[in-house]
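First up is the structure itself, then whatever we jot down about it.
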Amino acid sequence: MRGVILYGPPAVGKDTITAALCDLDQRFQLYSRLKVGPGRTSGYRMSDESTLEGLRRSGDVVWENQRYGARYVVDRPSLVTALSAGIPVVHLGQRQAVAAVAAAVAGTRWCSVYLWCPRKAAEQRIIARRTGDTDARLRAWDATEPLFGADLTLNTAELSPQEAAERIHRHVLADDAAEAPQARRSSASSS
């Protein structure tokens, strides 16, 4: 099983790059985090407090954070389902979340991608969205720490979403190509 983690601050291009990646290769699909609270619904599995509490009780919350007056959750059952169906693309904005998701399902190979752009570019994108919460999103942008040790680091002010998607796609396919000879050697030695 394999997946992609797109990490970065708000308005860095996670949604547009994910869409380009899904257009490029249908195995890639947005992982829809669970969301409890107000705001945008597109790209999320909207839920309620009792469902979230049930996931907490069962120990199935991999990562939970609160932002913009809502709670966002990566849960183990939906992550396992997504990994079984294809290559999920998980959007994250906290470094601790990357480690938590990467460790959540044994045997999963994750490609971590640190997306970044200058703050001014992000601010222009946030204003263009007209969500009415520019200050809150810029505070979140400022609070997002760099992701040192990512498999890829991409400046989205210098790349189109399609170019970024192609780089991510090549990286994931290169991992597959590197693993294939090893798998053939293992099966030959066990024969």
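The values are calculated or read from the model by the stated rules, or taken from the named source; none is laboratory data. What you see is a predicted model; the values in this text were computed from it and never measured. Counting neighbours? That spans all protein chains shown, and the Cβs are built from the backbone with ideal geometry, glycine included. Each accessible area value is taken on the protein alone, full model and side chains, heavy atoms only, with ligands, DNA and RNA left out. Shrake-Rupley method; radii C 1.70, N 1.55, O 1.52, S 1.80 Å.
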Point to revise | the range 1-109: relative contact order as a whole-number percent, Cα under 8 Å and 6+ apart | key: 40
Review point. For the range 21-103, what is the accessible area per residue in Å² when the probe is 1.4 Å?
Key: 48
Exercise for review: Determine ³J(HN,Hα), in whole Hz, for all residues of the range 40-52 in sequence, where each value follows from phi through the Karplus function 6.51 cos²θ - 1.76 cosθ + 1.60 and θ = phi - 60°; x replaces Gly and Pro.
Suggested key: 4, 10, 5, x, 10, 9, 5, 9, 10, 4, 5, 5, 4
**Study point:** Neighbour net charge for residue 117 - beta-carbon separation under 12 angstrom, K R +1, D E -1
**Key:** +2
Study note, to complete from the structure: Contact order relative to length for the chain, counting C-alpha pairs under 8 Å separated by 6 or more residues, stands in percent at 32
Study note, to complete from the structure: The answer for the net charge of residues other than residue 139 whose Cβ lies under 15 angstrom from its Cβ, with Lys and Arg +1 and Asp and Glu -1, is -2
Point to revise | Mean projected area (nm²) of the alpha-carbon convex hull when the range 1-77 is viewed from all directions | key: 5.7
Practice item. Treating only the Cβ atoms of Lys and Arg (+1) and Asp and Glu (-1) as charged, compute the dipole magnitude of the chain about its Cα centre; round to the nearest 20 debye. Key: 140
Review point. Average projected area of the Cα convex hull of the chain, in nm²?
Key: 11.9
**Study point:** Relative contact order (%) - the range 59-141, alpha-carbon pairs under 8 angstrom, separation at least six
**Key:** 21
Check your understanding: Among residues other than residue 84 whose Cβ falls under 15 Å from its Cβ, what is the net charge (Lys/Arg +1, Asp/Glu -1)?
Key -> +3
Practice item. Pull up all non-local amide H partners of residue 62: gap of 5 or more, or a different chain, and H-to-H distance under 5 Å with H placed in the peptide plane. Key: 74, 75, 76
Exercise for review: For the range 117-151 and the range 63-99, compute the distance between their C-alpha centroids and round to whole Å.
Suggested key: 19
Check your understanding: What ranking do 40-51, 150-161, 7-18 get when scored by the average of other Cβ atoms within 10 Å per residue, highest first?
Key -> 7-18, 150-161, 40-51
Revision key, fill the gap. The percentage of the accessible area of the chain (probe 1.4 Å, all protein chains present) made up of carbon and sulfur atoms, to the nearest whole number, is 51
Review point. Which of 96, 126, 113 sits farthest toward the positive end of the charge dipole of the range 68-131, with +1 on the Cβ of Lys and Arg and -1 on the Cβ of Asp and Glu?
Key: 126
